[in-house]
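**Q** This structure is in structure tokens; I'll ask about it shortly.
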Amino acid sequence: MRPVYQSCDCYTSHSAQVVGLSAGTLAARLLELPTIELTVNSPPDAPAAPLAPDPLPPGPRGPAPLVFANFLFRPGAFLEGTRDRYGTPFTLRLSSERTVVLTDDPATIKQVFTSDPTKLLAGVGNEVLKPLLGPRSVLTLDDPEHMRQRKLLLPPFHGERMRLYEEVVRTAAERELARWPAGEPFAVQPSMQAITLEVIMRAVFGISERGERFETIAAPLRDALDAMADMRRLFVLQVASSKRNGPLSPWRRFREQLLHPADRVLYDEIAAARSDPARAERDDVLALLLAARDEDGAGLTDAELHDELLTLLLAGHETTATSLSWTLERLARHPQALARLTEEVRAGEGDDYLDAVVKESLRLRPVVPAVARYLTEPTELGGRVLPAGVHIAPSIYLTHRNPDVYEDPDRFFPERFLQRPTGTYDWIPFGGGTRRCLGATFALFEMKIVLEELLRRFDVAPETAPAERIARRAITFSPRDGGRVRVAPVTATAR
Ligand code: HEM
């Protein structure tokens, strides 16, 4: 039984921020009215009555740092516990500046993903990433700038280009898998990260070998990621500093110490690519981005390119590696699914089950728990008017566990995706709308190839230990022990 929604009167401070509807929204509203009302009561330029916000949904009442600490350190249990106690949607006050309403309702999520992106701001929702990725990252921008950059970034990640990356993924996987120990339990996460970092670096910069140039770029990025994964430091930064970009901000110092070496190599790579006489023949992402032009014929500046490259490198590698680690963690605990997948891969007859396994793994263990949009005006969502100034957050984690959507939601059961396709608003590991992950096709493609290479080479031993707990690594939900498995090499004939 799902808990019944309870109302509360905790909303007090936002009623003064009520603003009017824009002309576009007003026109859309007017078009929904019967003609007679339109002509008699509503002249086209009449000011619209502002929406009066409803009380915010209930949620934990403790001090914000305590709520934030729970959100950070007990990620899955805290979200599920809060849902069980308050029902959904519920409200989390994470800091004085960040009040988040989480929902797991596909109809509300559809509203969020299809709303006007100039009123539900994802860039502000991702504000926490700004000190790291910079102010010109596609993740931290809002429209119209966001759309301009997104259009320029899309072509390299178009489905048809995936063939070009296939060899890159297979080679990186082969190299890393050759080092896997036989017969001993080990954590796969570092290995998966090595593969996905190599893949994204080679796709972005066109680096063909893992030599000195590769290491010069990879080393500072690895350091930055490891430091970002230090949750205690992230907690202190969040609580200690609300002014993230001020001159004395610990965020700023954190970034300078960690990312300056990476900044330098990124600007060097951009300069080298700009002056490369053979650039027109290159098909790496950087070369394509340098050639890209917007509708006014303008290209990306060096500063824009820097922030976008950093975004692709960071967003594109940790997420995919963690998803792969979870997939193995789940498979090892589900011997039937593991056996069926191994058989399909080795028979080389299609990839339907592999596709279903990857989707089920991203459903049950989504690595990004929620996406957020900041409301610029009071907005009706899910039958309630939320005030300006709060974030509405489709909770990926809770939506994927919503029993109204998924039968037996806690069960790892890839077959469910052989029977029904994934829904746009209820299977959302990559978010949605005009902000849907740019690398989704790339990530799914990469995950499937790595799993294929792995299962062709190794038998994965079934695991009887309890499921690994969810731990936060930077912003991702990761397996606490790194996805520990035991493998045995397969003889050449068995492949
Ligand atoms: C399994 C792997 C991945 C997962 C689970 C994932 C998840 C996400 C999510 C949840 C978002 C936010 C969407 C929203 O706000 O609605 C996002 C955005 C983004 N992701 Fe991914 N991602 C993955 C892999 C990748 C890869 C491989 C790349 C690049 C090669 C990438 C690049 C991006 C970019 C550039 C954005 C910003 C899009 C925008 O704001 O327009 N991601 N991703």
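The values are calculated or read from the model by the stated rules, or taken from the named source; none is laboratory data. Everything quoted here is computed from the prediction, not taken from an experiment. Ideal geometry is used to build each Cβ from the backbone, glycine not excepted, and the neighbour counts take in all protein chains shown.
**Q** Could you list, in sequence order, the residues of the range 348-370 that are modelled with pLDDT of 95 or more, in contact with a Leu (Cβ under 9 Å, 6 or more places away or on another chain) and not basic (Lys, Arg)?
**A** Hits for the range 348-370 are 352, 353, 354, 355, 356, 357, 358, 361, 362.
**Q** Run down 435, 416 and say which single residue is crowded, with 17+ Cβ neighbours inside 10 Å and over 28 Å from residue 309 (Cα atoms).
**A** None of the other options fit; the residue is 416.
**Q** State yes or no: is residue 186 at pLDDT 95 or above, away from the ligand (no atom under 15 Å from the Cβ) and either touching a Ser or Thr at 6+ places or on another chain (Cβ under 8 Å) or not charged (D, E, K, R) (or both)?
**A** So residue 186 fits the description; yes.
**Q** Here is a check on your reading of the model: is residue 315 more than 13 Å from residue 485 (Cα to Cα), within 11 Å of the ligand (Cβ to nearest atom) and in contact (Cβ under 8 Å) with a residue 40 or more places away in the chain?
**A** Against the criterion (more than 13 Å from residue 485 (Cα to Cα), within 11 Å of the ligand (Cβ to nearest atom) and in contact (Cβ under 8 Å) with a residue 40 or more places away in the chain), residue 315 qualifies.
**Q** Looking at residue 266 and the list (1) crowded, with 18+ Cβ neighbours inside 10 Å; (2) of a type outside the set (Gly, Ala, Ser); (3) modelled with pLDDT under 85, which single condition is not satisfied?
**A** (3)
**Q** Of a type in the set (S, T, N, Q) and in a loop (DSSP other than H, G, I, E, B): does that describe residue 441?
**A** Judged against the criteria, residue 441 is not a match.
**Q** If you don't mind, another one. Test of understanding: among 173, 203, which residue is surrounded by 22 or more Cβ atoms within 10 Å (Cβ to Cβ), within 14 Å of the ligand (Cβ to nearest atom), over 19 Å from the mean Cα position of the chain (by Cα) and touching a residue at least 40 places away in the same chain (Cβ under 8 Å)?
**A** Unique residue meeting the criteria: 203.
**Q** Still on this structure, please answer the following. Among the listed residues 164, 133, 154, identify the single one that is buried (at least 20 other Cβ atoms within 10 Å of the Cβ) and within 16 Å of the ligand (Cβ to nearest atom).
**A** One residue alone meets the criteria, 133.
**Q** Pick from 403, 409, 394, 366: which is within 16 Å of the ligand (Cβ to nearest atom) and part of a loop (DSSP other than H, G, I, E, B)?
**A** That would be 366, the only listed residue that is within 16 Å of the ligand (Cβ to nearest atom) and part of a loop (DSSP other than H, G, I, E, B).
**Q** Taking the criterion of being under 15 Å from residue 157 (Cα atoms), of a type outside the set (Lys, Arg), within 16 Å of the ligand (Cβ to nearest atom) and under 17 Å from the mean Cα position of the chain (by Cα), would at least one residue in the range 425-433 satisfy it?
**A** yes
**Q** Next up: Take the conditions at pLDDT 95 or above, surrounded by 19 or more Cβ atoms within 10 Å (Cβ to Cβ) and among the charged types (D, E, K, R) and apply them to residue 373. Does it pass?
**A** Against the criterion (at pLDDT 95 or above, surrounded by 19 or more Cβ atoms within 10 Å (Cβ to Cβ) and among the charged types (D, E, K, R)), residue 373 qualifies.
**Q** Determine which single condition residue 446 fails, assuming it passes every other condition in (1) farther than 25 Å from residue 176 by Cβ; (2) within 13 Å of the ligand (Cβ to nearest atom); (3) of a type in the set (D, E, K, R).
**A** For residue 446, the exception is condition (1).
**Q** Test residue 101 against the criterion of being more than 25 Å from residue 224 (Cα to Cα) and within 11 Å of the ligand (Cβ to nearest atom), and give yes or no.
**A** Considered against the rule, which asks whether it is more than 25 Å from residue 224 (Cα to Cα) and within 11 Å of the ligand (Cβ to nearest atom), residue 101 comes out as no.
**Q** Is it the case that the range 213-221 has a residue that's part of a loop (DSSP other than H, G, I, E, B) and away from the ligand (no atom under 15 Å from the Cβ)?
**A** no
**Q** Taking the range 394-411 only, how many residues are surrounded by 20 or more Cβ atoms within 10 Å (Cβ to Cβ) and either touching a strand residue (DSSP E or B) at 6+ places or on another chain (Cβ under 7 Å) or in contact (Cβ under 8 Å) with a residue 60 or more places away in the chain (or both)?
**A** Going through the range 394-411 one residue at a time, the tally reaches 7.
**Q** Note down all Cβ pairs under 8 Å where the first residue falls in the range 69-92 and is free of Cβ contacts under 8 Å to residues at least 12 places away in the same chain, the second is part of a loop (DSSP other than H, G, I, E, B), and they're at least six residues apart or on different chains.
**A** Every condition considered, the pairs that remain are 70/60.
**Q** Of the residues 196, 118, 140, which is within 13 Å of the ligand (Cβ to nearest atom) and closer than 30 Å to residue 380 by Cα?
**A** 140
**Q** Same structure, new question: Name the helices (runs of 4 or more DSSP H) wholly inside the range 243-357 in which the number of residues that are acidic (Asp, Glu) and under 23 Å from the mean Cα position of the chain (by Cα) is 2 or more.
**A** Because the criterion is at least 2 residues that are acidic (Asp, Glu) and under 23 Å from the mean Cα position of the chain (by Cα), the helices (runs of 4 or more DSSP H) in the range 243-357 that meet it are 302-332.
**Q** Hand me the list of helices (runs of 4 or more DSSP H) wholly inside the range 97-166 holding 2 or more residues that are in contact (Cβ under 8 Å) with a residue 40 or more places away in the chain and polar (S, T, N, Q).
**A** 106-114
**Q** Okay, moving on. Mind telling me which of the residues 305, 290, 310, 258 ends up being of a type outside the set (Phe, Trp, Tyr), within 30 Å of residue 475 (Cα to Cα) and in contact (Cβ under 8 Å) with a residue 40 or more places away in the chain?
**A** Exactly one of 305, 290, 310, 258 is of a type outside the set (Phe, Trp, Tyr), within 30 Å of residue 475 (Cα to Cα) and in contact (Cβ under 8 Å) with a residue 40 or more places away in the chain, namely 310.
**Q** Ok, one more. From the residues in the range 66-122 that are among the β-branched types (Val, Ile, Thr) and surrounded by fewer than 20 Cβ atoms within 10 Å (Cβ to Cβ), which one is nearest to the chain's Cα centre (by Cα)?
**A** 114
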